[in-house]
Each structure stands twice: as C-alpha cells, then as structure tokens.
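Below: one structure, written as structure tokens.
Every read-out reported here was derived from the displayed coordinates using simple, explicitly stated rules and does not represent laboratory data. Computed from a predicted structure; not experimentally measured. Neighbour counts run over all protein chains shown; Cβ positions are idealised from the backbone, glycine included.
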Amino acid sequence: MKRLSTVPIAVTLGLAFCGVVFSQFQDAGKLDSWTSRPVARQHRTTSFVRALHAAKQKGFDRVVFEFDGPVPNYEVKYLQSSYYEGEGGRQRIRIAGSRFIQVTLNQIPADEKQITFIEAKNFMPQGRLKLRAVAQVEQRELSEGFFDFLIGVNGGKLFRVSELTNPSRLVIDFKYQ
C-alpha cells in the first residue's frame, strides 16, 4: 500500500483556506462617500493594528485605525440589532450608543507583535467618549486572523470610509445630522 505524502495535502488545504479567507471580503460600497450601507475592501495583505484613535472634526466625528503595514482586508457595517455574533455565540452589546457599527479587519495575526500593540498604553480610547456622533469604541475579538471592533453611534449616522497612507490608516467618519 502506498503512503500519501502529507506535505502536498497540507499545501492544498492551506491554499484552499486562503481562498476562503480572501473570498469573505468582496469589495462593496464606495470609498470617500457618505453612506449607511456596508463598505468592504479586499487587499490580500497581512498587517497589525498599531492604534485606534477617535476625535471630533468640523461637522463629523472620526475613528482612525492605524496599521503597522498596509491596510488589510476590512468590512464596515451597521449591525441590524444590539447583538454581536462572535466566536462565543450571540452576545448583547453593552457599550454606549443607540446603533452599532462592526468593523472587521482580516489578515491580522493573533501573535506576540499584535498583543504587544494591544497592551500598549493608549492603544485605543477607553469608556464613553465625549463626541457628538461616536459614543464608544470597543475591541471585541482577535481570532483566526479576524479582529473585530464595535463602534457605538448616537443614532443612525451616515459614515464615510477612507484609506490613507504614511502611515497606513483606515478612517471612518460619522456625519453630524
């Protein structure tokens, strides 16, 4: 009886898994335009989340994800309820805000480097924010290459997604209405 080599099988399964991961984010929505619909981009790059900032701007509030590396795959969307579907199942969202945006980043390694960024002082704003549109930001899960965040918003605000460079950033603006 011939013995099958495990290397070709492992490579085939690995490539199939990568195809599944990449296919989960199809480009959707327009960048740099106000919307309430999902916005997603597929970049096929690995990166680390270095920091998350939130600030008031003229006419809108801004949430910025800063990366150590290029902007990764992402999806930004309003949740249909006040429940989050995560690895631990369906969980009630308990952060400030009347509506919730889920930001899912993909191709984020759950390794020592990312943990070091997360544990750094001022990695992200804590607790309620004193902003007009954005009430609170919360880190949810870092698992299997996916890193989820929730943004509590006061009302169903329109948002705008932009990508910036030097350093790489994903910017989400929430319009005052």
Lysine pair count for the chain [Cα-Cα under 28 Å; pairs on different chains or 8 or more apart]: 25
log10 of Debye I(q)/I(0), alpha-carbon scatterers only, for the chain at 0.16 Å⁻¹: -0.97
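Relative contact order of the chain: what whole-number percent is it, with Cα pairs under 8 angstrom and at least 6 residues apart?
On the way: 383 pairs, mean separation 44.2, N = 177.
In percent, rounded to a whole number, it is 25.
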Likely footprinting exposure, 116, 45, 165, fewest C-beta neighbours within 10 Å first: 165, 116, 45
Helix axis angle, 6-23 relative to the chain longest principal axis, alpha carbon, degrees: 20 degrees
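Helix-only mean residue ellipticity at 222 nm, the chain, DSSP H runs n ≥ 4 weighted -39,500 (n - 2.57), per residue, nearest 500. What is it? Show your work: numbers first, answer last.
Numbers: 2 runs with 26 residues, N = 177.
Computed mean residue ellipticity for the chain: -4500 deg cm²/dmol.
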